[in-house]
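These notes are about the structure you will find just below.
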Amino acid sequence: MARSAPAFSSFTAGEISPRLEGRTNIEKYTEGLSDLTNMVVMPHGGVTRRPGTEFLGQVSDDSVKSRLIPFQFKTSDTYILEFGDDTMRVYRNDEAVLASTDKNITAITQADPGVLTSNAHGFSNGDEVFVDSIVGMTELNGRNYKVANVTTNTFSLQDLFGNDIDTTNFTAYTSGGTATAIYEIASPYGEDDLPDLRFAQSADTMYLVHPSYAVRTLTRTDHNAWTFATFTINENDTPTLTSSNNYPSVVSFFEQRLVFGATNNNPQTLWFSKNGDYDNFHTGSADDDALIYTIASNQVNAIRFLSATRVLTVGTSGGEYVLTSTNDGPVTPTTTLIRKYSNYGTAKIEPVQVADVTLFVQRGSRKIREFKFVGDVNTGGYSAPDMTILAEHVTEGGITEMSYQQEPDSVVWCVRDDGTLLGMTYRREEQVVAWHKHVIGGEFDSGQAVVESIATLPTDTGEDSLYMIVKRTINGDTKRYIEKLKPFDFGDDTTSAFFVDSGLSYSGSATTTLSGLYHLEGETLQVLGNGASHPDETVSSGGITLDYSATSAAVGYGFDSTMQTLRIESGSVDGTSQGKPKRIHAITVRFFETVGAEVGNDAGEIDRIFFRDSSMNMDEAVPMFTGDKDIEFDGGFDDDDRVYIKQGQPLPMTVLAFYPRMNTFDK
């Protein structure tokens, strides 16, 4: 019988394919996991629990699949645009932007429903408003409502589930109060148009293209002042860009030119504006004149993306091209050169750029390829290796969107067709390409919650922000919420931890009642109070009651974070340990800033690790632990021995390494 103590000190292969269960001879086998859910691979080698998502607001129309688009003027002035069915809303500083005019409230009845008086308010039934600053009937303050029963000078309120607000037992109205509409403008694009919408931004102007619409600009003049306009294109040559079936499908900026591509009539053609003059498409022979370039190929393969770095990468349905100049200088009408470097073909999904690399989704929507420079642009070339080769199962069903979060750990986020959020930690300089999957808390139609759209924004705080639209069934209704992944770095103690989904946090004077949870009415939620796990609570009338008073709390859907190894290869007296009975009798797990974990062979056989000891006060949160924990395993011999680690409490867990001690029985 062989004794062994293998070391698992790096997980930088992430979750890998079950097709690799037999490849014990490769390095990625020991660095890979058979399951990695709701955890993120860190470039250093360990894995950490993802933070929860914070509820920001409800989409304009729950019956519509909306899309998020980032708008960045500078890193300190960024917006998330919510495109719905012919509508657009704006989020800034994680709040829905309000209209510029407050409507003053002058009276509120105590009735079912309560009637608010606001002379010439201008609201329509179904409008969403924010009510605040009421004196007396303060129960209405600080919430979003739907407007109902509109007359010229009065209206009533409904919650976001469509239930009338009964003010009969509220405190009598005294004075004051405002109702302010959520800022919303008409958009040219319907729900079915949104997947094919492409955009490029310069300062306060975004250029939007769609093959069925004339080019539009979206201009910002204030937080609540945005304007769509048809972009005027001045041109003197054919093919044109300004008539039906001649509207571009892709757009980018490259070398101070606005570039359009792929109309229905000319799917392989590119249009470059005059240098520095974005609406001027008059062609000519001068170096700064506009130009038109059509890709020559054996098949008609439509252009599907443009990605501008040092060169312009052009992705088509049949292959990938690079556009440069013949003299390695700027592109001009007489020096433009385009070469084809691969034949994979691209899906109709916007790629992401990481440093000088373009990551794109291959035709079929299952594989992500890394289009990168591998030599001199004239004598060398580009390659496009498959980033899913070790984890092809993760993208099963297809990818629908991608977005890149540079900080803190360089993660490419993807939406899978079934609504699962996927992450790929990508640090090629350290040879880290590691997939992980994320199931957002809550349910939709008795299945998992569905992520429908994602977008990222840079910040100056050290972590970029990831936003998402999540669809769930709540209180019997289909609800779509905009949520933000909380920062990974939450501070030095668990009082600021946030490991719940669609959640809200509280910080203030001691209280046993937490309100404001109207968006999760009737749902059973996890609670973190004063940095410690609290029994689950069910939301009633928008609030919950705690078992003890708390000065800080986080409340939302719980989720499990899990990791599991492949079959352990530990060697034996006569060679491999594969196919032989093995028994793990103990394990040492090395944690970093962790409170709470369960360890075992699988999900059905796990033991809780205790982090509180007799020296700690029972009325205080357990401090985060960094170091080793030793656990004994009670199981017997098994041909399929693995290590399984789980965190299901609303608390942090980071696993740096683990060291099982085991025996292998040689047959």
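The values are calculated or read from the model by the stated rules, or taken from the named source; none is laboratory data. All values reported here derive from a predicted model rather than from experimental measurement. Positions of Cβ are generated from backbone atoms using ideal geometry, with glycine treated the same way; all protein chains shown enter the neighbour counts. Just so you know, the surface numbers come from the protein's heavy atoms only, side chains and all, with ligands and any DNA or RNA stripped out. Shrake-Rupley method; radii C 1.70, N 1.55, O 1.52, S 1.80 Å.
Extension gain, ALA172 to ARG92: 0.36 nm times the residue separation minus the Cα-Cα distance gives 25.4 nm. Sorting ARG366, ARG304 on solvent-accessible area from highest to lowest, probe radius 1.4 Å, gives ARG366, ARG304.
3J(HN,Hα) along the stretch 419-431, derived from phi through the Karplus expression 6.51 cos²θ - 1.76 cosθ + 1.60 where θ = phi - 60°, amounts to x, 6, 8, 10, x, 10, 5, 10, 9, 5, 5, 9, 6 Hz, with x in place of Gly and Pro. Shape class for the stretch 359-466, computed from the alpha carbon gyration tensor (a ≥ b ≥ c): oblate, with a/c not under 1.5 and a/b at or below b/c. Using a simple spin-label model with pseudo-atoms 7 Å out from Cα toward Cβ, ALA7 and ASP61 lie 6.0 nm apart. Counted residue by residue at 0.36 nm each, then reduced by the alpha carbon distance between them, the extension gain from THR576 to SER76 reaches 174.4 nm. Taking each DSSP H run with n ≥ 4 as -39500 (n - 2.57) and averaging over every residue of the chain yields 0 deg cm²/dmol at 222 nm. Rounded to the nearest 20 debye, the dipole size of the chain about its Cα centre is 1600 debye, using +1 on the Cβ of Lys and Arg and -1 on the Cβ of Asp and Glu. Across the stretch 494-565, Cα-Cα pairs farther apart than 21 Å form 19% of the total. Between ASP287 and THR334, the contour length at 0.36 nm per residue exceeds the alpha carbon distance by 16.2 nm.
What separates the Cα centres of the stretch 618-666 and the stretch 84-161 is a distance of 51 Å. Here the label points at ASP204 and ASP356, each 7 Å from Cα along the C-beta direction, are separated by 3.6 nm in the simple model. If you plug the beta carbon distance of HIS393 and THR513 into 1/(1 + (r/R0)^6) with R0 = 35 Å, you get a FRET efficiency near 0.15. Model label sites at THR551 and ASP493, defined 7 Å from Cα along the beta-carbon direction, differ in position by 0.8 nm.
Which of LYS437/LYS646; LYS65/LYS471; LYS367/LYS486; LYS437/LYS479; LYS103/LYS146 have a Cα-Cα distance over 18 Å? Too far apart for the 18 Å limit: LYS367/LYS486; LYS437/LYS479.
Close amide H partners of SER572, meaning residues 5 or more places away or on another chain with modelled amide H under 5 Å apart, are SER577. Between THR230 and ASP613, the C-beta separation translates, for a Förster distance of 60 Å, into a calculated FRET efficiency of about 0.30.
For VAL215, nonlocal amide neighbours, meaning residues 5 or more places apart or on other chains whose placed amide H falls under 5 Å from its own, are PHE231. For ALA391, the residues whose amide H sits under 5 Å from its own are SER17, ignoring neighbours fewer than 5 places away on the same chain, with H placed 1.01 Å from N. FRET efficiency for the THR101 to TYR506 pair, using the beta carbon distance and R₀ = 25 Å, is estimated at 0.20. Distance between the C-alpha centres of the stretch 8-82 and the stretch 490-569: 21 Å, rounded to the whole angstrom. Note that the stretch 556-568 has calculated 3J(HN,Hα) couplings of x, 5, x, 8, 9, 10, 9, 9, 8, 6, 7, 4, 6 Hz, one per residue in order, obtained from phi through the Karplus relation 6.51 cos²θ - 1.76 cosθ + 1.60 (θ = phi - 60°); glycine and proline are x.
An ellipsoid equivalent to the stretch 61-108, defined through the eigenvalues of its Cα gyration tensor, has semi-axes of 25, 18, 8 Å when rounded to whole angstrom and sorted largest first.
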